[in-house]
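Input: a single structure, listed below in structure tokens.
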Amino acid sequence: MTERREQGGRGEPILEVRDLVKHFPLTQGVFFKRQIGAVKAVDGISFDLYPGETLGIVGESGCGKSTVAKLLMNLEQPTSGTIRYKGEDITRLSGRALKAVRRNIQMVFQDPYTSLNPRMTVGDIVGEPFDIHPEAAPKGDRRRRVQELLDVVGLNPEYINRYPHQFSGGQRQRIGIARGLALRPEVIVADEPVSALDVSVQAQVVNLMERLQDEFGLSYMFIAHDLSIVRHISDRVGVMYLGKMAEIGTDEQIYEHPTHPYTQALLSAVPVPDPESEGKRERIVLEGDVPSPANPPSGCRFRTRCWKAQQRCADEVPLLAVPTLFEGSGSGAAHPSACHFAEERAAVVAA
């Protein structure tokens, strides 16, 4: 365990998310539109992010991961719920107050090919935050600051006058990371920052982010669908399914002691390099498709694909709580899981 992981998660949370909901209205009609339903992209999730910690968020496409990222950045307004940064509810902020908070919470986007303006030089892209927050760097010092940022992320400072099309995908993502670091934020929301990159480049970018976290004391919310990458970089992991948090715990708890059936199914699909271990492992194949977020199942969202489902699963929404098998046990495997019939199940996954 690294020094960063030993320190992460201590003290008061830097971000507190409570009962966060985001519903997108479905309308009908051309001139006189009326709402006929809603896409329940995020439907009541809660979690904390601590100073110096990396919280990984995983789940299938469409589960609401990226919507959570946009809500944290105030790029979308929540339907209900609160997002507190150092105790202050940022969902109620606007104008100068919101601008000040955004300086401390920055984002690294998924696609390095579309998140950089092709008409701007690298110097203009990385230095743009200084135009929005001029107090962060004197005008005569910006070129030097931009070159320092390029050097920090492993790029030649002399590339300052080049354009995005002159860089590879991995280099473009480094430019996006440099832009995110420009204002010296405390929190970085990384929305699948390596999913568009080759496997070898993914490792380089993840290692860079870990080094920067140690150097600048950053807190990460790292969104991804690759479970191996999430385990490598995360201190804690939250598993989302259809707008809900299915399970949350330390990386060891989630990967070695998963209690939610959905988490168990996800981990059973992760390839293992050892053929002997792979042959002995039980594979869980889920039946059916992911339900529509516009019309999710009653009770437990996962019940239509779950082999443990009973009538209670349709009648009651399971709470995100420590399963009864761990209550009072003091076990290090105890962590919240949103399942009426959660049980411990060993999972062998790739390191």
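Since every read-out is calculated from the coordinates, none of them should be taken as a lab result. Remember, it's a predicted structure, so these values are computed and weren't measured experimentally. Positions of Cβ are backbone-derived with ideal geometry, glycine not excepted, and every protein chain shown enters the neighbour counts.
What to note about this one:
- Unmet criterion (only one of (1) surrounded by 13 or more Cβ atoms within 10 Å (Cβ to Cβ); (2) in contact with a helix residue (DSSP H, G or I) (Cβ under 8 Å, 6 or more places away or on another chain)) for Cys63: (2)
- Complete set of residues in the stretch 188-212 that are over 19 Å from Leu150 (Cβ atoms), surrounded by fewer than 14 Cβ atoms within 10 Å (Cβ to Cβ) and not aliphatic (A, V, I, L, M): Asp198, Ser200
- Exactly one residue out of Gly180, Gly123, Gly154, Gly176 is more than 18 Å from the chain's Cα centre (by Cα) and either free of Cβ contacts under 8 Å to residues at least 24 places away in the same chain or assigned to a helix (DSSP H, G or I) (or both), and it is Gly123.
- Some residue of the stretch 53-60 being surrounded by fewer than 22 Cβ atoms within 10 Å (Cβ to Cβ) and under 19 Å from the mean Cα position of the chain (by Cα): yes
- Under the condition of being of a type outside the set (Ser, Thr, Tyr) and more than 16 Å from Gly44 (Cβ to Cβ), the residues counted in the stretch 295-315 number 13.
- Tally of residues being crowded, with 21+ Cβ neighbours inside 10 Å and closer than 16 Å to Gly44 by Cα across the stretch 79-107: 1
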